[in-house]
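Participant: Quick one: structure below, then a few questions.
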Amino acid sequence: MTETIDPEAARRFRDHERIVYEVCSLAKEEAQARGLVLLRVDVRPAWSHEYDERTGIVIDVEIRASSDERFSYWDAVCERLNQLEDLLSPEEQRFLNDEVSFIVSRS
């Protein structure tokens, strides 16, 4: 598995590193729990059609899975993100909800 963090994305999530690493970690945990091969995790700046193009980031995950497995995995990660959100401060919740986009693709 490869993991990359774009320098611009790192600048954008400064002061929120813990949240980004937590999201990446739970994405890995869910793939492992489901027996899916996680091919890559990329953290990159958001493009204008995804989120705010000046401040947003995208956590882009690629897995080896069927379509059904991909949607099941995405649902499980979203459920875990909701649980994580409940543990965060209001400022961290705002960052997670307003600045982070989570994308799952399959190969």
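Participant: Name the one entry in GLU30, GLU3 that is acidic (Asp, Glu), within 16 Å of VAL104 (Cα to Cα) and in a helix (DSSP H, G or I).
Facilitator: Answer to the selection: GLU30.
Participant: I want to confirm something. Restricting to the range 24-49 and keeping residues that are closer than 17 Å to GLU69 by Cβ and among the small types (Gly, Ala, Ser), which single residue is surrounded by the fewest Cβ atoms within 10 Å (Cβ to Cβ)?
Facilitator: Taking the candidates together, the pick is GLY35.
Participant: Of all residues being assigned to a loop (DSSP other than H, G, I, E, B) and touching a strand residue (DSSP E or B) at 6+ places or on another chain (Cβ under 7 Å) in the range 35-55, which is modelled with the highest pLDDT? Just the residue, please.
Facilitator: LEU36
Participant: Scan the range 86-107 for residues that are more than 19 Å from ARG12 (Cβ to Cβ) and surrounded by fewer than 16 Cβ atoms within 10 Å (Cβ to Cβ) and jot them down.
Facilitator: Within the range 86-107, ASP86, LEU87, PRO90, SER105, SER107 meet the criteria.
Participant: Name, by its number, the condition in (1) of a type in the set (A, V, I, L, M, F, W, C); (2) under 22 Å from SER66 (Cβ atoms); (3) crowded, with 18+ Cβ neighbours inside 10 Å that does not hold for PHE13.
Facilitator: (2)
Participant: Under 9 Å between Cβ atoms, which residue pairs at least 6 apart in sequence (or on different chains) link something in the range 67-92 that is under 21 Å from ALA33 (Cα atoms) with a partner that is part of a helix (DSSP H, G or I) and among the β-branched types (Val, Ile, Thr)?
Facilitator: VAL77/VAL23; ARG80/VAL23; LEU81/VAL23; LEU84/ILE19; LEU84/VAL23
The values are calculated or read from the model by the stated rules, or taken from the named source; none is laboratory data. None of these values were measured; they are calculated from a predicted model. Here the Cβ is made from the backbone with ideal geometry for all residues, glycine too, and neighbour counts use every protein chain on show.
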